[in-house]
Amino acid sequence: ADSKDLQNAISKSIKTVDKSLPPDFSKSIVPISFDNSLIEDMIVDHFLRGGRTDLAKILVKEAGKQIGPEIYEPFVQLTAVYDGFKERDLDPALAWISSNSDALRAASSTFPFQLVKMKFLQLAQISVMDAIGFSRQHFPKFASSNLHDIQKLM
């Protein structure tokens, strides 16, 4: 008797659920059209921002697209700077600040001076003469705004 009551309860529950659901699920699902090109662009952007420029280039090629150097090149530079930092090589970053000096100056960025200061200290640990030569080449640009810090370093 208990199993018959349980079976009846389950049967009623199933009927209640069936009545509350639409009879044809295809009517409840709205088809979404999307552009594969947009998804490809998003994936390429993700790869570029993640430093995987090699994968981005492959995807662009396989999708039959082209990516302009104005989009691709900044990410290549950023990846080179980042990889340099990981290896304690400041030269890619110094090259980047050199090529972007006008924009950095317009933004009143202290990053160029901080980077030059780091390179000076790095060189001073290896060779004082190399550090002095580097300072003579790079510190004059920053003397007007960072004279006190430069004096401390010397």
Considering only 34, 134, 85, give the residue with the highest GNM mean-square fluctuation for the chain, with springs between Cα atoms whenever their separation is below 10 Å. 34
GNM on the chain, C-alpha springs below 10 Å: top fluctuator among 106, 131, 80? 106
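Is there a quick way to get the dipole size of the chain? I mean about its Cα centre, with the Cβ of Lys and Arg at +1 and of Asp and Glu at -1; what is the value in debye to the nearest 20? Spell out each step's value before the answer.
Values: 18 positive and 19 negative charges, 80 e Å.
My answer is approximately 380 debye.
To the nearest 20 debye, what is the magnitude of the charge dipole of the range 35-87 about its Cα centre, counting +1 on the Cβ of each Lys and Arg and -1 on the Cβ of each Asp and Glu?
Working: 6 positive and 10 negative charges, 23 e Å.
For the range 35-87, the charge dipole is close to 120 debye.
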Please work out the C-alpha center-to-center distance from the range 125-154 to the range 41-100 and express it in whole Å. 31
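I need the calculated FRET efficiency for the pair residue 151 and residue 127, taking r as the beta carbon distance and R₀ as 25 Å, to the nearest 0.05.
Working: r = 21 Å, r/R0 = 0.85.
Efficiency computed from Cβ-Cβ geometry: 0.75.
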For the chain, set up a GNM with springs between Cα atoms under 10 Å and report which of 101, 127, 13 has the largest fluctuation. 13
Cβ-based charge dipole, the chain, positive-most Cα from 111, 81, 64: 111
Between their Cα atoms, which of 57/117; 57/86; 61/86 are more than 32 Å away from each other? 57/117
For the chain, the accessible surface attributable to carbon and sulfur atoms (probe 1.4 angstrom, ligands and nucleic acids excluded) amounts in percent to 58
Take the Cα atoms of the chain, find their three principal axes, and give me the spread along each one in whole Å, biggest first. 98, 45, 29
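Placing unit charges on C-beta atoms (Lys and Arg positive, Asp and Glu negative, everything else neutral), compute the dipole magnitude of the range 90-153 about its Cα centre in debye, rounded to 20. If you can, show how the numbers build up before the last one.
Details: 6 positive and 4 negative charges, 27 e Å.
That gives the range 90-153 a dipole magnitude of about 120 debye.
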Determine, from the Cβ-Cβ distance of residue 65 and residue 108 and an R0 of 35 Å, the FRET efficiency 1/(1 + (r/R0)^6), rounded to the nearest 0.05. 0.40
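The values are calculated or read from the model by the stated rules, or taken from the named source; none is laboratory data. Nothing here was measured: the structure is a model prediction, and the numbers come from that model. Counting neighbours? That spans all protein chains shown, and the Cβs are built from the backbone with ideal geometry, glycine included. All accessible areas refer to the heavy atoms of the entire protein, side chains included, with ligands and DNA or RNA removed. Shrake-Rupley method; radii C 1.70, N 1.55, O 1.52, S 1.80 Å.
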